[in-house]
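Below is one structure, written out as structure tokens; comments come after it.
The values are calculated or read from the model by the stated rules, or taken from the named source; none is laboratory data. Because the structure is a prediction, the values reported are computed rather than measured. With ideal geometry, Cβ positions are generated from the backbone for all residues, glycine too; neighbour counts draw on all protein chains shown. Keep in mind that these areas ignore ligands, DNA and RNA; they rest on the heavy atoms of the full protein, side chains included. Shrake-Rupley method; radii C 1.70, N 1.55, O 1.52, S 1.80 Å.
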Amino acid sequence: MAEVSAGALVPSVKTEGKLATAGDDSTSALAAEMTAEGGGGGLAAEMTVAVEHDKDFLCPICMQVIKDAFLTACGHSFCYMCIVTHLQNKNDCPCCGHSLTSSQIFPNFLLNQLLKKTSARQMAKSASPVEHLRLSLQQQGFEVSLKEIDSLMSLLAEKKRKMEQEEAEMNMQILLDFLHCLRKQKLEELNEIQTDLQYIKEDINTVERHRIELYRARERYSVKLRMLLDDPMVAKLRASPIDKHNSGIISSARTAHGGACSGNFQQKKIDVKAQGSSQGLQRKDAFSGSDLQNSYTQSGLAVARKRRVHAQFNDLQECYLQKRRQGANQLHKQEERDLNGIHREGYHAGLEDFQSVLTTFTKYSRLRVIAELRHGDLFHTANIVSSIEFDRDDELFATAGVSKRIKVFEFSTVVNEPNEVHCPVVEMATRSKLSCLSWNKYTKNHIASSDYDGIVTVWDVTTRQSVMEYEEHEKRAWSVDFSRTEPSMLVSGSDDCKVKVWCTKQEASVLNIDMKANICCVKYNPGSSFHVAVGSADHHIHYYDLRNISTPVHIFSGHRKAVSYVKFLSPKELASASTDSTLRLWDVKENCPVRTFRGHTNEKNFVGLTVNNEYIACGSETNEVFVYHKAISKPAAWHRFGSSNLEDADEDMGSYFISAVCWKSDSPTMLTANSQGTIKVLVLAA
């Protein structure tokens, strides 16, 4: 695939299965299998003895139990068909090699009888009592009286009735157990529903009360506003600019006409006063009209937001009940210390959290493009942007990728100047393709990069020179990240299955973690300089405390393929992306999964992941950007990149993919880039 459409593939772990080979001794294998399946050692031993005994009855040619035994002149027994077939080709005994012809073989009546008895004995051992009875009745010479048959039939009928009763009792017991379990389950569900209904009832009363308070407050403000509009002083202040404007018009008219008659002037003055009065009324009407228009706009927004609620009703319902139950549990714990179970403004526990989720989720429904630029240049046809990051103050952003260059742009210039091509304010050339960037959140001009040669570099953007270069990784380094709490520390992960911790004050790594699979991503916890999350090709996230690297604090399992990105929303919330086309949210404090997000497509490429306090965004191999609210598992908004070239428009779906995304801090604005080298500034909109 061409370089413009194929990015770096996420590493994966391949396991080789071992094929089990069967042993030569099939009988021993069968005995061992029966022992393992619970047949018992006695049965296996009995089979072994029977097998050893049967060896005497095996035909030396076919190695099966002899059928229709024939004896040779030299004293060996064979199956008739086996020995006849042998003598058609050779004239010797298969056992001893003595000369032998077809006239020197004779039926072995004794052996045939022994074989029949042995076969009957083995059948008797394996036969059931019913089979024994049937065989006995079928034997010739076996006589039984009618009385004995009647007695036997009565015994069988009684046995049948007893078995039917026992089976009926067993079926009733199973049915009764099922009904008890079902009743218990439904009672638990009923209790849960009743509790939820009680929560909903309390919250409806609270919200209704609060809504009435807001309505009354709005009415008070409306009355005050009308009083101010009717105040003569306010009217005079509002009319004075109009009078000045009108007097200017009159003076201009007088000068232009070279002195009009006083009668006409008085008439004009009266007309102007009337015009000023009418303008005052028009302004008042316009004010009322703007209120009406504003109410219509707000009504339209309310309808749109209600539609979003109904579209994601099930997820929102789950979110509400989860937060409400958690809030109630926390309330019970706090009641021992504080009898006040009501939150700010009369809100019960959990309701305020859900209102925040509902407000932020329904606030936005789409992504709007506010700026766009091309990352490529004339000298580099490879345009894939592997990483895009804002600096500490969100004034600059840096891009890096397969073009072997770090480009730094001024964000305000890109947004405010509508040019498709923007020149970077800083450009630094590297020796290899770049995989990741990380700005230092304390030293504004420092940025770290990782590349395909395994080199981790710290750059000074001001001087355009490298400050430190670390070359300990033996293979491609996929990820690098500066610590937010300890600005001199950074961590990196590589295809050599090693996580390395570096210090900008030292030339060698200060810590090394050996793992069993490729490292795809690393990230410091923003609230700690000791805790690091590591995403691996083994489908797991390993959460380490750097003070004890012998074993992870916790291993988060759930992804079905390699973990390509890990990002922290907060010191306790971790988001991860995988090539199984899912995002997952984890609680690193409780060490448990929170939610799984689905909607985008990601099966082989690095498509980017970025987070803020409320939203998670990622790319897709369908050339789209997806935004998820952290409390809802389905996308809240998405945007498809389009090609400016009409010939390429049909190829966007299969050829290009989103390769990097980054939120602007505490903002609905996001930087996005795709494998075609197009960078867009997107903003969440209603």
- [ ] Would you mention how many residues in region 311-351 are under 21 Å from Arg209 (Cβ atoms), modelled with pLDDT under 85, open to solvent by 30 Å² or more (accessible area, probe 1.4 Å) and not aliphatic (A, V, I, L, M)?
- [x] 5
Open item on the list: Cβ-Cβ under 6 Å, sequence separation 6+ or interchain: first residue in region 590-613 and buried (at least 17 other Cβ atoms within 10 Å of the Cβ), partner of a type in the set (Lys, Arg) and in a strand (DSSP E or B). Which pairs?
Closed with: Leu609/Lys567; Val611/Lys567
Open item on the list: Exactly one condition in (1) of a type in the set (Val, Ile, Thr); (2) assigned to a loop (DSSP other than H, G, I, E, B); (3) touching a strand residue (DSSP E or B) at 6+ places or on another chain (Cβ under 8 Å) is false for Ile447; which is it?
Closed with: (2)
Open item on the list: The conditions are (1) open to solvent by less than 20 Å² (accessible area, probe 1.4 Å); (2) out of contact with any Ser or Thr (no Cβ under 8 Å at 6 or more places or on another chain), and Leu583 fails exactly one of them. Which is it?
Closed with: (2)
- [ ] Name the single residue, out of those in region 377-394 being of a type in the set (Gly, Ala, Ser) and modelled with pLDDT of 65 or more, that is farthest from Asn623 (Cα to Cα).
- [x] Ser387
Task: Index of the failed condition, His473 passing every other in (1) of a type outside the set (Ser, Thr, Tyr); (2) open to solvent by 40 Å² or more (accessible area, probe 1.4 Å); (3) in a loop (DSSP other than H, G, I, E, B) - done: (2)
Task: Filter result (of a type in the set (Phe, Trp, Tyr) and surrounded by fewer than 20 Cβ atoms within 10 Å (Cβ to Cβ)) within region 431-468 - done: Tyr442
- [ ] Could you please give the count of residues in region 199-223 that are open to solvent by 90 Å² or more (accessible area, probe 1.4 Å) and not hydrophobic (A, V, I, L, M, F, W, C)?
- [x] 9
Task: Candidate set: region 552-567, residues that are open to solvent by 20 Å² or more (accessible area, probe 1.4 Å), in contact (Cβ under 8 Å) with a residue 24 or more places away in the chain and assigned to a strand (DSSP E or B); chosen: the one farthest from Trp663 (Cα to Cα) - done: His554
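Residues checked against (1) open to solvent by 100 Å² or more (accessible area, probe 1.4 Å); (2) more than 30 Å from His76 (Cα to Cα):
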site: Leu115; (1), (2): no, no
site: Thr118; (1), (2): no, no
site: Ala124; (1), (2): no, no
site: Leu133; (1), (2): no, yes
site: Ser145; (1), (2): no, yes
site: Met163; (1), (2): yes, yes
site: Met172; (1), (2): yes, yes
site: Cys181; (1), (2): no, yes
site: Lys184; (1), (2): yes, yes
Task: Matching residues in region 620-664 - criterion: being modelled with pLDDT of 90 or more and exposed (fewer than 14 other Cβ atoms within 10 Å of the Cβ) - done: Arg640
Open item on the list: I'd like to check something: does region 492-512 contain any residue that is open to solvent by less than 40 Å² (accessible area, probe 1.4 Å), in contact (Cβ under 8 Å) with a residue 24 or more places away in the chain and under 22 Å from the mean Cα position of the chain (by Cα)?
Closed with: yes
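Anything in region 579-602 that is more than 12 Å from the chain's Cα centre (by Cα) and not β-branched (Val, Ile, Thr)? List them, or say none. Give the derivation first.
Taking region 579-602 and keeping what is more than 12 Å from the chain's Cα centre (by Cα), we get 587-592.
Correct list: Asp587, Lys589, Glu590, Asn591, Cys592.
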